[in-house]
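The values are calculated or read from the model by the stated rules, or taken from the named source; none is laboratory data. Quick caveat: nothing in here was measured; it's all calculated off a predicted structure. In this analysis, Cβ positions are derived from the backbone assuming ideal geometry, glycine residues included, and neighbour counts consider all displayed protein chains. Please note that ligands, DNA and RNA were not included when accessible areas were found on the heavy atoms of the full protein model with its side chains. Shrake-Rupley method; radii C 1.70, N 1.55, O 1.52, S 1.80 Å.
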Amino acid sequence: VQLQASGGGLVQDGGSLRLSCASSLRDSRSIVMGWFRQAPGKEREFVAAISRIGGSTTYADSVKGRFTVSRDDPKYAITLQMNGLKPEDTAVYYCAASSRRFLSTQPNQYDHWGQGTQVTVSS
């Protein structure tokens, strides 16, 4: 499975960005997918995940209410709508896919990773 994230950029505090993740899978709804991020000097952390078919989602507490992961755009496997961005959201964002059956917040449960896209939020 090949994944490619896009849509990052520079935005001001309080702004919005929409990240997209393209997949080589014929039907990406067959696999759990998620977003992670990694800031300089920090470990990779979970952001959001969506179940197969898209019936369930889960979010990190730090982004709950501000970010939305979905499978609504037919051009992409998943998207991440980020509203109310804060400087602490600055990181490289990665999309990932898991062959496991259930949602997971743990990076080691994801088998496939795309290259990251940089999100920078200025104060």
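For segment 99-123, list residues with backbone N below 12 Å from a point placed 7 Å from the Cα of E43 toward its Cβ? Under cut-off, by backbone N: 106-108.
Across the protein chains, with a 1.4 Å probe defining accessible surface, the residues L10, L103, L3 rank L10, L103, L3 from largest area downward.
The apolar share of the surface of the chain, taken as the fraction of accessible area on carbon and sulfur atoms (1.4 Å probe, ligands and nucleic acids excluded), comes to 44 percent. These residues, Y76, Y93, go from largest to smallest accessible area, 1.4 Å probe, as Y76, Y93.
Ordered from largest to smallest accessible area (heavy atoms of protein chains, 1.4 Å probe), the residues R66, R29 come out as R29, R66.
Taken about its Cα centre, the chain carries a charge dipole of roughly 320 debye when the Cβ of each Lys and Arg holds +1 and the Cβ of each Asp and Glu holds -1.
For the pair S62 and S6, the difference between a 0.36 nm per residue extended length and the Cα-Cα distance amounts to 18.0 nm. Solvent-accessible surface of the chain, taken per residue with a 1.4 Å probe and all protein chains present: 53 Å².
Computed with every protein chain present, the accessible area of D61 is close to 130 Å² [probe 1.4 Å]. K42 contributes an accessible area of around 140 Å² to the protein surface, as traced by a 1.4 Å probe with all chains present.
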